[in-house]
1. In region 90-123, what residues are within 30 Å of Asp24 (Cβ to Cβ) and assigned to a strand (DSSP E or B)?
2. Going by the conditions given, is Asp62 part of a helix (DSSP H, G or I), away from ligand 2 (no atom under 13 Å from the Cβ) and under 18 Å from Val216 (Cβ atoms)?
3. Which condition number does Ala79 fail, the rest of (1) open to solvent by less than 10 Å² (accessible area, probe 1.4 Å); (2) more than 23 Å from Ser439 (Cα to Cα); (3) within 16 Å of ligand 1 (Cβ to nearest atom) being met?
4. Looking at (1) open to solvent by 10 Å² or more (accessible area, probe 1.4 Å); (2) over 22 Å from the mean Cα position of the chain (by Cα), find the lone condition where Thr310 falls short.
5. Somewhere in region 88-108, is a residue at pLDDT 95 or above, over 19 Å from the mean Cα position of the chain (by Cα), among the small types (Gly, Ala, Ser) and closer than 15 Å to Gly443 by Cβ?
6. How many of the residues in region 121-133 are crowded, with 23+ Cβ neighbours inside 10 Å and in contact with a helix residue (DSSP H, G or I) (Cβ under 9 Å, 6 or more places away or on another chain)?
7. Which residue pairs have Cβ atoms closer than 9 Å, lie 6 or more positions apart in sequence or on different chains, and pair a first residue in region 290-303 that is at pLDDT below 95 with a second residue that is open to solvent by 10 Å² or more (accessible area, probe 1.4 Å)?
Amino acid sequence: MNQHSTDQALVPPPSAATTRRAADWWRDAVIYQVYPRSFADSDGDGTGDLEGIRRRLPYLRDLGVDAVWLSPFYASPQADGGYDVADYRAVDSMYGTLLDADAVIRDAHAVGLRIIVDLVPNHSSDQHEWFRRAVAEGPGSPLRDRYHFRAGKGESGELPPNDWESIFGGPAWTRLADGDWYLHLFAPEQPDLNWEHPAVADEFRSILRFWLDMGVDGFRIDVAHGLVKAEGLPDLGGGDQLKLLGNDVMPFFDQDGVHAIYRSWRTVLDEYDGERIFVAEAWTPTVERTANYVRPDELHQAFNFQYLSTAWNAEELRAAIDRSLDAMRPVGAPTTWVLSNHDVTRHATRYANPPGLGTQIRTAGDRELGLRRARAATLLMLALPGSAYIYQGEELGLPDVTDLPDEVRQDPSFFRAQGQDGFRDGCRVPIPWTRTGASYGFGEGGSWLPQPDSWGELSVEAQTGQEGSTLELYRTALAVRRAQAGLGAGDSVTWRDDVPAGLLHFERPGFACTVNTTGTAVRIPAPGTVLLASDPVTVEDGQIELPADRTVWWRTD
Ligand code: NOJ
Ligand code: MG
């Protein structure tokens, strides 16, 4: 009887030569999301920073990812964790300086990693110079045309101009003392820019060039589906207010006009060498509509939130995978896969809870179950063709911190929704690097959100070299994915239908992947030799005993 969890012999060490392929590198890239505030703190002020990231680049290289996406580190009052940008060309002092950004980009390139930065074009901070001047100049100022200022309804303009609600709760309009209202789909500190105004379009093309000249390899576009609002800002008229998924096209989301903006950006990007990319954060009603963002003359990738929202269920996963691949094939863009990010409950905690609770969950659930499923889900994701996104800390199997005290919370929607929503702080708790020490090696001081006492054992130090740890599972999986020459390549998988209910089995050339999403063990014929399993499995007499919630990668040639 053989116990398998990893097969180290098949895994070559990562090297710069393999990490930095040029052409089309992004089509099958594994991209690691860093949330700078919570990654590594070099100066002991309790907040992560760019120098902290720079020092940890070797860790990311050794993990085996291709690129790093940095959430915003620009000058910002932090009303929404930096997604409220006051100066798009400056680094916030809490994160460092432009020189530090330059050092991160250069050092990343030196170790074979690419850097993708976040671009926030839907709204600025209310502290952005444009907005401050627009407010100061008063009603009628042409500077107000760069945003959506309107007179209110009602006898004395005391009612908001339309019935839209902010995604963070409450009306999407705030009234200034001078009587005008302004639109903010998010927090009041995030006024929406008016993309019909030529100065806005010019400014963002210039911002793109600024960071491209700095050497970044691409941009993640925040709220890429929101820039254009329907003519006349029509009322929603009673119906459902916003849900991020499952909406029809809304008068402020997924309007066809956004595509002209991306075609114009693409011409800017294409002036630069080196296969740089755009990835869209576009919450659209369907993955087919998401495909519109990645037509050949627009963006390169778009996050697959439909996949992220799929329950741990074989039938639903298979349908989501097929639909995603089918949607992207006609436009020739790679499908992307993502399970966690800084806006949703970590997948180890989502899967620890019953399905149907959405992507913001307040209960810890069954931790062991959640981790087992999360590991299995990750191996499934990394075996699929296309590009995969990993959110910092998921490689440690971190759960969401569901019991943060209200007084430490920072998510603006927690406050605007009177504590009924806005639990995004739980996935933003700083990373544990060491078993012991101040903030488990996050920094010399504390951490801006408290870390649970149990996190020393989840640290990078505790998991490094530990057989069966989640970190070693990710390292091995990423190395095998690369060594298998292209688990991420192609645009289709071949399913086998003759497997028991609750199992997924698909084949790629020389490779197969089996997933048991059920809560019980299943015995099936082994289709090859085990390359890697999400937790131990046993193979005996050509049969595999596949325990509950487990994924196996097979070599089949
Ligand atoms: C999406 C970002 O990921 C999220 O963190 C932010 O709150 C909103 N966009 C608004 O910028
Ligand atoms: Mg710091």
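The values are calculated or read from the model by the stated rules, or taken from the named source; none is laboratory data. Values in this document were obtained by computation on a predicted structure and should not be read as measured data. With ideal geometry, Cβ positions are generated from the backbone for all residues, glycine too; neighbour counts draw on all protein chains shown. Surface areas here come from the heavy atoms of the whole protein model, side chains and all, with no ligands, DNA or RNA. Shrake-Rupley method; radii C 1.70, N 1.55, O 1.52, S 1.80 Å.
1. Hits for region 90-123 are Arg114, Ile115, Ile116, Val117, Asp118, Leu119.
2. Numbers: part of a helix (DSSP H, G or I): yes; away from ligand 2 (no atom under 13 Å from the Cβ): yes; under 18 Å from Val216 (Cβ atoms): no.
So Asp62 does not fit the description; no.
3. Single failed check for Ala79: (1).
4. With respect to (1) open to solvent by 10 Å² or more (accessible area, probe 1.4 Å); (2) over 22 Å from the mean Cα position of the chain (by Cα), Thr310 is out only on (2).
5. So the first thing to find is which residues in region 88-108 are at pLDDT 95 or above, and the list is 88-108.
Right, trim to over 19 Å from the mean Cα position of the chain (by Cα) and you get 88-108.
Now drop any that are not among the small types (Gly, Ala, Ser), which leaves 90, 93, 96, 101, 103, 108.
Imposing the further condition that a residue be closer than 15 Å to Gly443 by Cβ reduces the set to 96.
Checked region 88-108: at least one residue is at pLDDT 95 or above, over 19 Å from the mean Cα position of the chain (by Cα), among the small types (Gly, Ala, Ser) and closer than 15 Å to Gly443 by Cβ.
6. Result for region 121-133: 4.
7. Pairs found: none.
Residue by residue, here is whether (1) open to solvent by 10 Å² or more (accessible area, probe 1.4 Å); (2) within 16 Å of ligand 2 (Cβ to nearest atom); (3) in the same structural domain as Thr97 (by TED's automatic domain parsing) holds:
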| position | (1), (2), (3) |
| --- | --- |
| Gln190 | no, no, no |
| Asp202 | yes, no, yes |
| Arg209 | yes, no, yes |
| Met214 | yes, no, yes |
| Gly218 | no, no, yes |
